[in-house]
Each structure stands twice: as structure tokens, then as C-alpha cells.
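Working notes, beginning with the structure itself.
The values are calculated or read from the model by the stated rules, or taken from the named source; none is laboratory data. Predicted, not measured: the structure shown is a model, and the values here were computed from it. Counting neighbours? That spans all protein chains shown, and the Cβs are built from the backbone with ideal geometry, glycine included. Note: areas computed on protein heavy atoms with side chains; ligands, DNA, RNA excluded. Shrake-Rupley method; radii C 1.70, N 1.55, O 1.52, S 1.80 Å.
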Amino acid sequence: MAKQQMLQFVTVGKEMPSKRPPELRAKDFHEIYGEFSDPKAAEQSGRCSQCGVPYCQAHCPLSNNIPDWLRMTAEGRLQEAYDLSQATNTFPEICGRICPQDRLCEGNCVIEQSGHGTVTIGSVEKYITDTAWEQGWVKPIRPAVEREESVGIVGAGPAGLAAADRLRRMGFKVTIYDKYDRAGGLMTYGIPGFKLEKPVVMRRYEQLVDGGVEFVMNCRIGDAMDFAALRGKHDALLIATGVYKARDIKAPGVGLKGIVQALDYLTASNRQSFGDSVPEIESGELNADGKRVVVIGGGDTAMDCVRTAIRQGAVSVKCLYRRDRANMPGSQRETQNAEEEGVEFVWLSAPKGFVGEGAVTGVMVQRMRLGPPDATGRQMPELIEGADYVEDVDIVITALGFEPEEIPTLWNVPDLEVTRWGTVKADFRTHATNLPGVYAAGDIVRGASLVVWAIRDGREAADSIADYLSQSARVAAE
Ligand SMILES: Cc1cc2nc3c(=O)[nH]c(=O)nc-3n(C[C@H](O)[C@H](O)[C@H](O)COP(=O)(O)OP(=O)(O)OC[C@H]3O[C@@H](n4cnc5c(N)ncnc54)[C@H](O)[C@@H]3O)c2cc1C
Ligand code: SF4
């Protein structure tokens, strides 16, 4: 391949990989973006301006060495690009697919700021690692030494898996416990296939199994197994359980049949995509087929629900959000994708209550406007009196965010310190909790966040656990 010059952003425009047309992609749960061809990846990487102080890298939670792997891709040195990329990111092909790049690396790209359109960093990262898998450059995990110490990890989401990968490479014995039947956490049962196809996650799980990580599935700690017993079994523990308590909506009629929670809805759909038999889909309880759907919320979870409903064959899908488009928390790219697929956004609207006898038949919608900013500078939604109306529905999906479960109570470990929000208190650098040898990482510490932050926490926690175990071994030898 001819070597591609860098700094081509003035003459070469920004291009994403091709996107499947909405009428086709809305019929299935496959990813919507294609892959770059080799020349296109090189061309798009060649747009990078090779900044001396790369803001993209500074705004990547993993501090990925982006300008260097872009240059290597532009020069056709793909295997080197992969080696560099995977040195800082345990799952680059996953981040390339689902990071909100517009808020992270790409949103801070200097050529984006100068109006030329960002380098499509995420798509190149995905391309590099997908190519590495195809070419067999992704090597099995084979530790150089085997160590005696064992680490127990509760939670097989990205935080737990990233920690397991790193610890196992250092030779520790690693066992992961998870309440679900499949690994991956929200990457498996939360995020839909049209953003992240499931074989991409399962391939990583298989890599860890092949590398000697033991998985104990269908095992809910605090229920199937006691936390104290777990502490006795391992030399160190990592809590990486995520946040799963759905925020409630407080409005009249909220208990009506047909009002369902986002994660129940998405989990059922993801299970169906795995080929599982899902009674709630078959009964229609968690199935939007032929229904008028209202989704409440403006975050990424709401975006995933509206787009899932379209794919299930909903007659209409409306998304109620109490602020406007500019102030929504969800990704603008995903909102646009949803609109292309036929979702209607009803900005500045909130549910006042639900109507129906036994089952929901309508949402009482109240209209809002944006008032003065609050202490954080964000404009507060205000009610417009007398503008209420009823929206007819067959199913309502609530997507108002998640909170941590009460781990000290559920696990009978009252000494474990938590914050006033219920998240586990851990040192932000070492990820150590107040219990010796017990660490915590990911959403259970941060609150609902992102996969890329969970990966970073998991990697850092693994390093701290390794230090702790090495120190304990030294003390024991003295
Ligand atoms: C619908 C949805 C869409 C999202 N989309 C994106 C996106 O596009 N991009 C992005 O970056 N982030 C996204 N996120 C956020 C992202 O998925 C999370 O931030 C990330 O998965 C957190 O990782 P984690 O490892 O901390 O927890 P999780 O992924 O939640 O994994 C925790 C694991 O712990 C297990 N567990 C919990 N309690 C117990 C117990 N008592 N015993 C045993 N096991 C237990 C769970 O079964 C789970 O497997 C999305 C989240 C949701 C809900
Ligand atoms: S990990 Fe996420 S933020 Fe970092 S370079 Fe990749 S896509 Fe961007």
C-alpha cells in the first residue's frame, strides 16, 4: 500500500463507514455501520493533524495514543497500530463501536474545532482491531509465570473483564462470579446488537476462558454465595457489579400493566437475539410489535429502547423528554439514527400520569419550557399551565437512569463504606475500598457511566491488586 501523507484534512473530507439505509437496518438487530476498506481507513487516518499536544488523547479516558496509531494506519503499518492501540485499551473494538466519541476523543479533535470535521477516530480504532482478529494478531493470554494468589471478581461487565484480563496476564488465578448466565454485563444484556453485536463481546469472553480465567455464572453474591465466604476463598476481591436499581417515576397510574422498565425490556430483546426463548416477548409483555410505544427519558438507554421498539415492529414510537434536543444527555449521533429510523421526539414534555383500567392506555403529557439556569448553569424545565394532553399508548417504557443496589445490606457486609448515593467508596487512584484486600471498579463506584471508564477502572484496579498481593507475599516471606 502506498504511504498516505498526514495532515490531509484540508483536502480530504470527513467520512464515516457507510451506514445501512434506515428501512433496511430497522428490520434487524445487526450493527448499522459497515467497516472501512483498507484504503479508506488509511485516507481517513491521514486527515490527522498530528498535534504536539493531542486533545483527543487527553479526552480519551484510556489516554489512547491516538495520533500515533492513526499515523501507522495511514502508513499501512496496521499490525503495529494494533499493538499500540491494545497496549492501553483492553477492548478497542468495543470502544470504537460504542464510545460517545462526540463527547470524548472526536469532540476534542483540533480539526473538528477548526470546522473541518473530526478524524473518525472510533471507526479507525474498530477497523484496526477487527482486522487484528481477522489476521490472527490478537494473541491468546499465556502468562509468562503462574502465581499462587487468587483473585475473585464479582461482576463480568467491562470493569470485571478488563481487570481479569490484566490480572491473568500477570499470572494470577482469577475467578469471576456473575448473577447472569452470560458474561459481558450491560455490553451483553443492556446495549442492543445494532450498536454492539454480541459475537464481538462473546469473542472476548472466550479469549479469557481460553487464557485460564474461571467463570462462575448464575451466581448472585449475597444470595447464591456469601460475601464473607468469598473473602475467605480468595486473596483479594474486586467488586464490579454495576448499577441496576431503576429510578422510579412518581406519577398517578404508574403501577398499570404495560408500563415497563427499560432494562427489563432491553434484556428480553437481547436474550431473544441470542436465540433464547423469552416468555415475556412471546406473551407481548416486553414486545412492542404492533403497538404504540412511548419511551420516557432522554439518555442513551432511552435511545436504545426507541430503536429496539422500531425493530420489533411498533406502529409508532415517541420519546418524551423534558428538556430540548440541545440539552438532552444522550448522544446526538444516536438521536439522529433514531430519527432516521422513524422515532418521533417530543421535546419539552414530561409524564404527569398514566390512564387506563388495569392496563395503560394513555400517558398524560405536560408541556414544558426552559426556565432560568440552576446552580450548575443548566436551564431548568418549567411547566406550561393548561397545555396538558393525553397520548394514546399500548406500552410505556421508562428509562430514567439507574442507582446502586444497597450492597452492605444485601451482602451482609455493614462495614463496607458507601457514599451518600449508595455507590461503593473506593480510592479514585488505587480503587481500594476500606476493607483490606477488597477493591471496587466501574459503575458501582462512579454511578451509571460508560464502558470506556469501566475498562480504565478495571485495569487500574488490577494493577493495585497486583501490588497489594506482591506486597503481602513479600511480608509473608520476611
Ligand atoms: C441500555 C444501556 C445502554 C448503554 N449504552 C452505552 C454506550 O453506548 N456506550 C457506553 O460507553 N456505555 C453505555 N452504557 C453504559 C455501560 O454499559 C456501563 O457504564 C458499563 O457496562 C459499566 O460496566 P461495569 O462493569 O461497571 O458494570 P456492568 O456492565 O453493569 O456489569 C456488572 C455485572 O455485575 C453482575 N452483578 C451485579 N450484581 C451481582 C451480584 N450480586 N452477584 C454477581 N454478579 C452481579 C451483573 O450481572 C453484570 O454482569 C449503556 C448502559 C445501558 C443500561
Ligand atoms: S477509547 Fe473511546 S474515547 Fe478513547 S479513542 Fe477510543 S473511541 Fe475515543
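Against the condition away from ligand 1 (no atom under 16 Å from the Cβ), modelled with pLDDT of 95 or more and closer than 18 Å to Val393 by Cβ, how does Asp264 come out, does it pass?
Working: away from ligand 1 (no atom under 16 Å from the Cβ): no; modelled with pLDDT of 95 or more: yes; closer than 18 Å to Val393 by Cβ: yes.
No, not satisfied.
When you check Asp300 against the structure, is it open to solvent by less than 60 Å² (accessible area, probe 1.4 Å), touching a helix residue (DSSP H, G or I) at 6+ places or on another chain (Cβ under 8 Å), outside the structural domain of Ser472 (by the TED database) and within 30 Å of Asp463 (Cβ to Cβ), yes or no? Before you say what the answer is, go through the steps one by one.
Values: open to solvent by less than 60 Å² (accessible area, probe 1.4 Å): yes; touching a helix residue (DSSP H, G or I) at 6+ places or on another chain (Cβ under 8 Å): yes; outside the structural domain of Ser472 (by the TED database): yes; within 30 Å of Asp463 (Cβ to Cβ): yes.
It is true that Asp300 is open to solvent by less than 60 Å² (accessible area, probe 1.4 Å), touching a helix residue (DSSP H, G or I) at 6+ places or on another chain (Cβ under 8 Å), outside the structural domain of Ser472 (by the TED database) and within 30 Å of Asp463 (Cβ to Cβ).
Residue-by-condition table, conditions (1) open to solvent by 20 Å² or more (accessible area, probe 1.4 Å); (2) not charged (D, E, K, R):
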residue: Ala359; (1), (2): yes, yes
residue: Leu383; (1), (2): yes, yes
residue: Glu391; (1), (2): yes, no
residue: Val413; (1), (2): no, yes
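Given Leu230, Leu238, Leu320, which one is touching a Phe, Trp or Tyr at 6+ places or on another chain (Cβ under 9 Å), closer than 22 Å to Thr188 by Cα and surrounded by 18 or more Cβ atoms within 10 Å (Cβ to Cβ)? Spell out the reasoning first.
Values: Leu230 fails: closer than 22 Å to Thr188 by Cα; Leu320 fails: closer than 22 Å to Thr188 by Cα.
None of the other options fit; the residue is Leu238.
Just to be sure I understand, how many residues within the stretch 13-34 are surrounded by 16 or more Cβ atoms within 10 Å (Cβ to Cβ) and in contact (Cβ under 8 Å) with a residue 24 or more places away in the chain?
First, pick out the residues of the stretch 13-34 that are surrounded by 16 or more Cβ atoms within 10 Å (Cβ to Cβ): 14, 17, 20, 22, 25-26, 29, 31-33.
Now restrict to residues that are in contact (Cβ under 8 Å) with a residue 24 or more places away in the chain: 14, 17, 22, 25-26, 29, 31-33.
The qualifying residues number 9.
Looking only at residues that are under 17 Å from Ser331 (Cβ atoms) and open to solvent by less than 10 Å² (accessible area, probe 1.4 Å) in the stretch 102-121, which one is nearest to ligand 2 (Cβ to nearest atom)?
Across the stretch 102-121, the extreme among qualifying residues is Ile121.
Filter the stretch 71-91 down to residues that are assigned to a helix (DSSP H, G or I) and touching a residue at least 60 places away in the same chain (Cβ under 8 Å) and give me whichever is surrounded by the most Cβ atoms within 10 Å (Cβ to Cβ). Let's see the steps before the verdict.
Within the stretch 71-91, the subset assigned to a helix (DSSP H, G or I) is 71-74, 78-88.
Retained after the next criterion (residues that are touching a residue at least 60 places away in the same chain (Cβ under 8 Å)): 71, 74.
Values: Arg71: 19, Ala74: 25.
That would be Ala74.
Looking only at residues that are under 18 Å from Ile94 (Cα atoms) and among the β-branched types (Val, Ile, Thr) in the stretch 18-76, which one is farthest from ligand 2 (Cβ to nearest atom)?
In this case the residue turns out to be Ile32.
Please determine whether any residue of the stretch 426-439 is open to solvent by 10 Å² or more (accessible area, probe 1.4 Å) and within 16 Å of ligand 2 (Cβ to nearest atom).
No; the residues of the stretch 426-439 include none that is open to solvent by 10 Å² or more (accessible area, probe 1.4 Å) and within 16 Å of ligand 2 (Cβ to nearest atom).
Give the residue that is nearest to ligand 1 (Cβ to nearest atom), with candidates limited to residues of the stretch 51-62 that are in a loop (DSSP other than H, G, I, E, B) and over 18 Å from the mean Cα position of the chain (by Cα).
Of everything passing the filter in the stretch 51-62, Pro54 is nearest to ligand 1 (Cβ to nearest atom).
Taking the conditions exactly as written (more than 22 Å from the chain's Cα centre (by Cα) and within 12 Å of ligand 1 (Cβ to nearest atom)), does Leu435 satisfy them or not? Break it down stepwise before answering.
Numbers: more than 22 Å from the chain's Cα centre (by Cα): yes; within 12 Å of ligand 1 (Cβ to nearest atom): no.
Taking the combined requirement at face value, the residue does not satisfy it.
Taking the condition of a type outside the set (Phe, Trp, Tyr) and buried (at least 19 other Cβ atoms within 10 Å of the Cβ), does Ala268 pass? Break it down stepwise before answering.
On the way: of a type outside the set (Phe, Trp, Tyr): yes; buried (at least 19 other Cβ atoms within 10 Å of the Cβ): yes.
Spelling it out, Ala268 is indeed of a type outside the set (Phe, Trp, Tyr) and buried (at least 19 other Cβ atoms within 10 Å of the Cβ).
I'd like the residue in the stretch 323-337 that is part of a loop (DSSP other than H, G, I, E, B) and buried (at least 18 other Cβ atoms within 10 Å of the Cβ) and, out of all such residues, is modelled with the highest pLDDT.
Within the stretch 323-337, the first condition is being part of a loop (DSSP other than H, G, I, E, B), and the residues that meet it are 323-324, 328-331.
Remaining after also requiring buried (at least 18 other Cβ atoms within 10 Å of the Cβ): 323, 328, 330-331.
Values: Arg323: 92, Met328: 87, Gly330: 82, Ser331: 83.
Across the stretch 323-337, the extreme among qualifying residues is Arg323.
Here's a check for you: in the stretch 120-136, which residue that is among the charged types (D, E, K, R) and farther than 12 Å from Gln86 by Cβ is farthest from ligand 1 (Cβ to nearest atom)?
Just the residues of the stretch 120-136 that are among the charged types (D, E, K, R), to begin with: 125-126, 130, 134.
Keeping just the survivors that are farther than 12 Å from Gln86 by Cβ gives 126, 130, 134.
Working: Lys126: 13, Asp130: 18, Glu134: 24 Å.
Restricting to residues being among the charged types (D, E, K, R) and farther than 12 Å from Gln86 by Cβ, the top hit is Glu134.
Please determine whether any residue of the stretch 166-189 is closer than 20 Å to Ser449 by Cβ, more than 12 Å from ligand 1 (Cβ to nearest atom) and in the same structural domain as Ala26 (by the TED database).
no
Can you name the number of the only condition in (1) touching a helix residue (DSSP H, G or I) at 6+ places or on another chain (Cβ under 8 Å); (2) closer than 15 Å to Phe402 by Cα that Asp248 fails?
(1)
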